[in-house]
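Worksheet: the structure to be examined is printed underneath.
The values are calculated or read from the model by the stated rules, or taken from the named source; none is laboratory data. Note that the structure is a prediction, hence the values are computed from the model and not measured. With ideal geometry, Cβ positions are generated from the backbone for all residues, glycine too; neighbour counts draw on all protein chains shown. Ligands, DNA and RNA are stripped out before the accessible areas are found, and what is left, the full protein with its side chains, is counted by its heavy atoms. Shrake-Rupley method; radii C 1.70, N 1.55, O 1.52, S 1.80 Å.
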Amino acid sequence: MADATGILVIGERPENGGRQGITLELLGAARRLAAETGDAVDVLLLGASIPDAEANGLIAYGASRIHALAHPLLGEYNPDIFTTTVTEAVRRINPSIVLFGRTEMGQDVAPAMAFRLKTGVAMDCLDLKVDSASKRLVMVRPVYGGNARANYMVAQGRMPQVASVRPKTQDPAEPVAGYSGEVIRPQLDLDASVARTHQVSYQAWEAAEGVSLASAEIVVSGGRGIGSAEAYKEVIDGGAAILGGASGASKAACDAGFAPPGNQVGLTGQRVSPKLYIAVAMSGASQHLAGMGTAKNIVAINRDPDANIFKVSRFGVVGDYKQVMPAFLAKCRELLSQGE
Ligand SMILES: Cc1cc2nc3c(=O)[nH]c(=O)nc-3n(C[C@H](O)[C@H](O)[C@H](O)COP(=O)(O)OP(=O)(O)OC[C@H]3O[C@@H](n4cnc5c(N)ncnc54)[C@H](O)[C@@H]3O)c2cc1C
């Protein structure tokens, strides 16, 4: 794709299964990159219908053009239909950078689109930078189960540069006073026969009533050292309820039946980046850190002073959780009741 220019954010809309909040997070990242590259930032929205108010609303967050692509086949998420649509839209818009969320949609569509456009993609990026010499995109992603981070660039001559970005790793865009932009409503002929798969049923993880783990600002998480499902319910679910957060768990705690499988955080579980992650009675295995190492503040409670979790914690308490947690939660309850 010659003469590619601009940064395109692939927006998501909860109406068709998209993740709440990711569009503004990607816009925040795109604007920080644009401050260095001088590019304009566009957003692509897909849906059966996209209200003017929704499209116009994004302009206030610093987007120059909103491509609001509406079609009856885009009302529900389908990987083949979305891949075809996004690929064609990207061909027409011809951006030099395309940003997806590392979401259900992003995981399907980003690599398939990159393949169709014969370009490269880096998935699950934690950070995006601009190489000062070449002005090309540098994509930072975890490797070796989260034990290291590697920088990637799309090969010279390949366009666009495609990244999927882990939710909650980017500060969302803030409104920009007096920003002006335009809403474009492109037309696209879509054929239902491109869909090679159909969703036949859907089963939500039996888990988390209340705040969802993926979007929680606070996660209280229990490991094998919790010891029983009853203790998990009391200390982890109870703690999450007091703090208005979600319950997480290590794989060992899930495998032992202390916590539901949907609560697993880590390499083979959910990836979370909350403001506060309270790790209770877990050792801090690298596969667990791969799912929560980007949390802004990690607090660990473990009776082993040499536990690996303390290496990544901002605050650590060496002690038995059965003594530490009740006192800690009682103090939280007291402070919250005073509105602090
Ligand atoms: C391919 C692969 C993928 C994996 N994916 C994941 C994943 O997604 N998520 C994940 O979590 N793991 C994953 N694992 C497993 C991982 O390697 C660890 O085995 C697991 O994370 C350990 O869980 P844990 O810390 O709860 O248990 P342990 O390592 O057994 O740690 C328990 C901790 O509790 C402490 N403790 C015990 N009693 C108390 C007490 N009363 N008070 C305070 N502290 C106490 C102990 O000191 C110890 O540090 C994966 C492994 C493999 C091989």
Practice task
State, in angstrom, two size descriptors of region 77-179 derived from its alpha carbons: Rg to one decimal place and Dmax to the nearest whole number.
Solution key: 14.3, 45
Practice task
For every other residue with a beta carbon closer than 11 angstrom to the beta carbon of Glu217, add +1 if it is Lys or Arg and -1 if Asp or Glu, then tell me the sum.
Solution key: +3
Completion exercise
The local net charge around Gly181, scoring Lys/Arg +1 and Asp/Glu -1 for residues other than Gly181 whose Cβ lies under 11 Å from its Cβ, equals -1
Practice task
Give the Debye-formula value of log10 I(q)/I(0) at each listed q (0.21 Å⁻¹), with one equal scatterer per alpha carbon of region 218-337, two decimals each.
Solution key: -1.17
Problem - Residue-averaged [θ]222 nm for the chain, counting only DSSP H segments that reach four residues, each worth -39500 (n - 2.57) - result: -8000 deg cm²/dmol
Completion exercise
Candidate cut points under GluC sites (Glu not before Pro) in region 151-233, DSSP loop plus at most 12 other Cβ atoms within 10 Å of their own Cβ, are Glu206, Glu209
Practice task
Any lysines with Cα under 29 Å of the Lys311 Cα? List them, leaving off those in the same chain fewer than 8 positions away.
Solution key: Lys129, Lys168, Lys233, Lys251, Lys275, Lys296, Lys322, Lys331
Practice task
Report relative contact order for the chain in percent, whole number only (criteria: Cα-Cα under 8 Å, sequence separation at least 6).
Solution key: 15
Handout entry: Spin-label proximity, Leu336 to region 272-287 - amide N less than 18 Å from point 7 Å beyond Cα toward beta carbon
Key = 274-280
Handout entry: Highest-fluctuation residue, Asp127, Asp42, Asp52 considered, GNM on the chain with Cα pairs under 10 Å
Key = Asp52
Handout entry: Around Asp124: net Lys/Arg minus Asp/Glu count, Cβ-Cβ under 15 Å
Key = +3
Problem - Cα shape, region 1-130, gyration tensor, a/c 1.5 rule - result: rounded
Fill in the blank from the handout: Among Ile309, Ile184, Ile22, the residue with the largest mean-square fluctuation in a Gaussian network model of the chain built from Cα contacts under 10 Å is Ile184
Handout entry: Rg/Rh (Cα only; Kirkwood hydrodynamic radius) as it applies to region 125-209
Key = 1.07
Completion exercise
Listed residues Met325, Met123, Met282; largest mean-square fluctuation, Gaussian network over the chain with Cα springs below 10 Å, found at Met325
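Solvent-accessible area per residue for the chain at a 1.4 Å probe radius, Å²?
For the chain, the solvent-accessible area averages 48 Å² per residue.
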Handout entry: Value of relative contact order over region 7-194, rounded to a whole percent, pairs C-alpha under 8 Å and six or more apart
Key = 29
Handout entry: Cα centroid separation - region 83-112 against region 6-54, whole Å
Key = 11
Practice task
Averaging sequence separations of C-alpha pairs under 8 Å and six or more residues apart, then dividing by the length of region 129-265, give the relative contact order as a whole percent.
Solution key: 16
Practice task
Pull out the extension gain between Val312 and Arg92, defined as 0.36 nm times the separation in residues minus the alpha carbon to alpha carbon distance; nm, one decimal.
Solution key: 74.7 nm
Exercise for the section: Please give the FRET efficiency for Ser201 paired with Ala241, using the beta carbon to beta carbon distance and R0 = 35 Å, rounded to the nearest 0.05. Expected result: 0.70
Practice task
For the chain, compute Rh as the Kirkwood radius over C-alpha pairs and then the Stokes-Einstein diffusion coefficient at 37 °C and 0.692 mPa s; write the answer in µm²/s, rounded to an integer.
Solution key: 153
